[in-house]
Structures are given as structure tokens and as C-alpha cells.
Amino acid sequence: MIHPDILAGRPPRSAAEGAPVVLRDGSAVLIRQVRGTDAPLLADGFARLSPQSRRLRFLGPKTALSAAELRYFTEVDHHDHEAIGALSAADGRGVGIARYIRDAEDPQAAEIAVTVVDDWHGRGLATELLRRLSDRARQAGIHRFTALAAAENVAVAGLARKLGASLAGRGPGTAEYEVALVPPEYSLDWWFDCVDGPAQPVRDGQTDNKTRRAA
Ligand SMILES: CC(C)(COP(=O)(O)OP(=O)(O)OC[C@H]1O[C@@H](n2cnc3c(N)ncnc32)[C@H](O)[C@@H]1OP(=O)(O)O)[C@@H](O)C(=O)NCCC(=O)NCCS
């Protein structure tokens, strides 16, 4: 399903919201938490993924997201399940998304997944989304991220290396990565906050993606 605004050549109404970030190639995105109303944006982003990217993300062939999946991926509680998305500042379309889902048996651990639409690969967007997701996770008391990827996924292997993750195990055709989240007092959050500008306002008892007020 494509958002009616996009079909009409207009950016979705949410286009103007989010923290502005300029990627290393100079392209601009707006990054914010995913909302329950983002299902059309997510469906549009999924429609622009190559079959290979879909397969790597879902570890198998995937042609569409069901209505239930769209709800699951967008109606997140921002504590045990957080999702952060990037919109193109130029047209308001979704270009990347990263999420963590807390481990039910180990509340200090969470599994992550990240996807960037193919046209936007290689600009540093996944790195940026994961940095912000890590901030959120630390605020929510998560100390460790794991990620399950296809063994052949060289992009994830490189991304994992870049983020200091290590290979924790291998399954049939898969590789599991693990990374410890640096405690806030030792992180560079304060520096990124300076670069990013002032924190976003707190709404509905939630926090923005940079300050450490609540989770
Ligand atoms: C994995 C994915 C999210 C990376 O997104 P991206 O925005 O292109 O990643 P970045 O630009 O932030 O790259 C970060 C690092 O990952 C590595 N990397 C990214 N793409 C790579 C590739 N094609 N080959 C090798 N290494 C790659 C590099 O080390 C890169 O750092 P560098 O550019 O400074 O060298 C993207 O390829 C994607 O959406 N793939 C399909 C879905 C998927 O596999 N999701 C992972 C499921 S857990």
C-alpha cells in the first residue's frame, strides 16, 4: 500500500518531523521514533526494497508485509520494543528503520534489526540509526544487542565490525552477532548531543532519542 500523499506527489504529513541529520554524501534525513500511524510509510519503504534486501532482512523470501506485521512493526511500546525511522528530508518517504526487541528471558538483552532502502545504502544511515537506537536501549536498561543475519550478509558483517560487535555463533546459514552497549557515562552521547542540537520535546511521557529522562 502506498501512502495517498505519495501517490499524489506530496510528502506525507509527517515529513517535517524528526531530528535533522546530514549523511556523509550530503543527503538529509529526519530521524524519529516510529509511530502507530507509520504503517503506510513502512509499506512504501518495504515496496522499494530489492528482493535481495527483503530476503536478507527476513532470512527468506518476502513479497509483502501483512496488515498484522505492519501493526507489529509500527505499534511499538518504546520500552521493550523500540523502532527508529529515517525519512528523506526531500520527499518525506521512509528510507531506513532500526528496531530492538527485548529478550523476554533476559531483560538486559535485545535483538536488533536494521533495514535501509537500497537507493540509500552506503551513506552511513544504518550506522546513524543504530547509534540512536543504542542510546534508546541504554535508557531502557538494555546492556547487550544481538543480531541474527544471513551468514552471507557481508553488509551486516561489516556493520558489526564497525560497531565493535563480535560473532557469537553460527547456525545453518546464519550468523549471530553480539555487542555490549557502552554505559552512558562512558559514551560519546554528550558530544553527539552538542552536534545534533537541542533535545526534542518530551511527549506523552516518552523521551526523545537523545536525553536520558525515562524509557
Ligand atoms: C545492512 C544494511 C542495513 C546496511 O545499511 P547502510 O546504511 O548501507 O550501512 P552503512 O552505510 O551505515 O554502513 C556501515 C558499515 O557497514 C559495512 N557495509 C555496509 N554495506 C556493505 C557492503 N555492501 N559490503 C561490505 N560492507 C558493508 C561497512 O563496514 C560500512 O562502513 P563504511 O561505509 O564506513 O565502510 C543494508 O545493507 C540493508 O538494509 N540490507 C538489507 C537488509 C538487511 O540485511 N538487514 C540486516 C538484518 S539484521
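Numerical summary
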{"quantity": "Computed magnitude of the charge dipole of the stretch 4-196 (debye, nearest 20; Cβ of K, R +1, Cβ of D, E -1)", "calculated": "500 debye"}
{"quantity": "Order of L42, L129 under a 10 Å beta carbon neighbour criterion, fewest first", "calculated": "L42, L129"}
{"quantity": "Antiparallel DSSP beta bridges within the stretch 57-168, as percent of all bridges there, nearest 5", "calculated": "80 percent"}
{"quantity": "Vicinal HN-Hα couplings computed from phi for the stretch 135-140 (Karplus, 6.51 cos²θ - 1.76 cosθ + 1.60; Hz; Gly/Pro x)", "calculated": "4, 4, 5, 4, 4, 8"}
{"quantity": "Prolate/oblate/rounded label for the stretch 36-91 (Cα gyration tensor, a/c 1.5)", "calculated": "oblate"}
{"quantity": "Pairwise Cα inverse-distance average, inverted: Kirkwood Rh of the stretch 4-196 (Å)", "calculated": "17.1 Å"}
{"quantity": "Karplus-derived 3J(HN,Hα), 6.51/-1.76/1.60, for each residue of the stretch 78-89, Hz, glycine and proline x", "calculated": "6, 10, 7, 9, 10, 9, 10, x, 10, 10, 5, 5"}
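Bear in mind these aren't lab numbers, they're just calculated from the coordinates by the rules spelled out. Being a predicted model, the structure only gives us computed values, none of them experimental. Here Cβ is always computed from backbone atoms with ideal geometry, including for glycine, and neighbour counts include all displayed protein chains.
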